[in-house]
1. Give all pairs with beta carbons closer than 8 Å in which a residue from segment 5-22 that is surrounded by 13 or more Cβ atoms within 10 Å (Cβ to Cβ) and part of a loop (DSSP other than H, G, I, E, B) meets a residue that is hydroxyl-bearing (Ser, Thr, Tyr) and at pLDDT 75 or above; count only pairs at least 6 apart in sequence or on separate chains.
2. For segment 36-55, enumerate the residues that are closer than 16 Å to GLN90 by Cα and touching a helix residue (DSSP H, G or I) at 6+ places or on another chain (Cβ under 9 Å).
3. Taking segment 75-85 only, how many residues are surrounded by 12 or more Cβ atoms within 10 Å (Cβ to Cβ) and under 16 Å from GLY37 (Cα atoms)?
Amino acid sequence: MSGETADISFISELGWYDWVKFRDTSETFPNDKVVLGRYLGPSIDVGPALTAKILKMNGTVVYRSTYRGLNEDERNSAVEQAMRDKFDDQIRSKVGPGTSADSFKELSIEAMPTYDPYADDHEELMSSAV
């Protein structure tokens, strides 16, 4: 509408629940202020345009506009992997174990609804256009 390309980097850069590093101002010396978190998506109503919701290890959600995805060295580091495992363990202790389709069997919910296909009239449309 304005003739300018919209900035969609906050949508395309990270996926939901991806690992991120962000600055946590509540950390005190000697702890590092750059900590591990989980990306929960863009913040619609808090902060500037690229503000994100980030899950902290203690289970709280913070809003930050300064964050980044993990780099290759961090993804491959055994020390960083141990930190990610600890993070996941802390979140499981806060919110409980994950769920699967088996968790909902007693509710008799279909895993994937099925629908009757529409009539295929594509051939008729193509022949009438010629």
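The values are calculated or read from the model by the stated rules, or taken from the named source; none is laboratory data. Since we're looking at a predicted model, the values are computed, not measured. With ideal geometry, Cβ positions are generated from the backbone for all residues, glycine too; neighbour counts draw on all protein chains shown.
1. LEU14/TYR39; ASP18/TYR39
2. Result: LEU36, GLY37, ARG38, LEU55.
3. Qualifying residue count for the region: 5.
For every residue, the table says whether it meets (1) of a type in the set (S, T, N, Q); (2) modelled with pLDDT of 90 or more; (3) surrounded by 10 or more Cβ atoms within 10 Å (Cβ to Cβ); (4) within 20 Å of the chain's Cα centre (by Cα).
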| position | (1), (2), (3), (4) |
| --- | --- |
| SER43 | yes, no, yes, yes |
| VAL46 | no, no, yes, yes |
| VAL61 | no, yes, yes, yes |
| GLU72 | no, yes, no, yes |
| ILE91 | no, yes, yes, yes |
| GLY98 | no, no, no, yes |
| THR114 | yes, no, no, no |
| GLU124 | no, no, yes, no |
| SER128 | yes, no, no, no |
